[in-house]
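Below: the structure, in structure tokens.
The values are calculated or read from the model by the stated rules, or taken from the named source; none is laboratory data. Please read all numbers here as calculations on a predicted model, not as lab measurements. Positions of Cβ are backbone-derived with ideal geometry, glycine not excepted, and every protein chain shown enters the neighbour counts. Only protein heavy atoms, including side chains, enter the accessible area calculation; ligands, DNA and RNA are left aside. Shrake-Rupley method; radii C 1.70, N 1.55, O 1.52, S 1.80 Å.
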Amino acid sequence: MRIGIYPGSFDPVTYGHLDIILRSAKMFDRLIIAVLKNNAKNPVFTVEERVELLKKVTKGIDHVTVESFDGLLADFAKQRNANTIVRGLRAVTDFEYELQIAQLNHKMNSDVDTIFLTTSLEYSYLSSSVVREIASYHGDISHFVPAEIIDAVQAKF
Ligand code: ADP
């Protein structure tokens, strides 16, 4: 059984994340979306809220599950018998950091490898922070996050 993990902050989930989820879900028998609990980034949405929003937008995809995790991703992957970590690459600026983390994770758990999906062109500008910024000014976020979570995202601001 091929199990993949897509880790991230998802603060909140965007169409860019959903695109990576839909594309990578085809590669695995099971895809676990892993929401990072201990986040130095000081998230706006609690981990429970971020998990709920992800569950809402992935409802129809039956082999995709959403969990939160704490601690090292390499350990979490081992616990879940996952051999592949999925990350998205938007621009060159993502690369240096991602390379380091991927090498580190492989060093800590040699059974695990990281694959990178390049962003779809229409979402290359999109990030959770852009969504938070626009929502904080009560701007229209309908192009950036799935319809079923718009109200919940706006309610935060
Ligand atoms: P993290 O704090 O771990 O980077 P994010 O929620 O910001 O968490 O991102 C999770 C993953 O999704 C990362 O691999 C990131 O590169 C990817 N990602 C974020 N936005 C996009 C996008 N618009 N297109 C493709 N990948 C994206």
**Prompt:** So how strong a dipole does the range 1-78 carry about its Cα centre when Lys and Arg Cβ are +1 and Asp and Glu Cβ are -1, to the nearest 20 debye?
**Reply:** 220 debye
**Fill in**
tail above 14 Å in the computed P(r) of the range 49-101, as % of all Cα-Cα pairs, reads 68 percent
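How much net charge surrounds V51 when only the other residues with a Cβ under 12 Å from the Cβ of V51 are counted, with Lys and Arg +1 and Asp and Glu -1?
With Lys, Arg at +1 and Asp, Glu at -1, the net is -1.
Quick one: net charge around S136, please, counting Lys, Arg +1 and Asp, Glu -1 for every other residue with C-beta under 15 Å from its C-beta. Intermediate results must be reported in sequence, preceding the final value.
Numbers: positive: R132, K156; negative: D11, E133, D140.
With Lys, Arg at +1 and Asp, Glu at -1, the neighbours total -1.
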**Asked** Cα extents of the range 1-53 along the three principal axes, largest first, in whole Å?
**Response** 34, 21, 18
**Asked** At what distance in nm do the modelled label points of Y137 and R2 sit from each other, each positioned 7 Å from its Cα along Cα→Cβ?
**Response** 4.3 nm
**Asked** Share of the range 1-90's accessible area from carbon and sulfur, percent, 1.4 Å?
**Response** 48 percent
**Item:** Rg ratio (alpha-carbon, reference 2.2 N^0.38 Å) - the range 48-157
**Value:** 1.23
**Accessible surface, per residue, of the chain when the full set of protein chains is kept, probe 1.4 Å, Å²** = 55 Å²
**Complete:** Here, S129 and H106, labelled 7 Å along Cα→Cβ, have an inter-label distance in nm of 2.8 nm
**Message:** Give me the count of lysine pairs in the chain whose alpha carbons sit under 24 angstrom apart, restricted to pairs 8 or more positions apart or on different chains.
**Reply:** 18
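What is the Cα radius of gyration of the range 1-100 over 2.2 N^0.38 Å, N being its residue count?
Relative to the 2.2 N^0.38 Å estimate, the range 1-100 comes out at 1.02.
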**Message:** Quick check: net charge around N83, other residues with Cβ under 11 Å of its Cβ, Lys/Arg +1 and Asp/Glu -1?
**Reply:** +1
**Message:** Suppose accessible area is computed on protein heavy atoms with a 1.4 Å probe; arrange S129, S110 from highest to lowest.
**Reply:** S110, S129
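If you put +1 on each Lys and Arg Cβ and -1 on each Asp and Glu Cβ, how big is the dipole of the chain around its Cα centre, in Debye rounded to 20?
It works out to roughly 260 debye.
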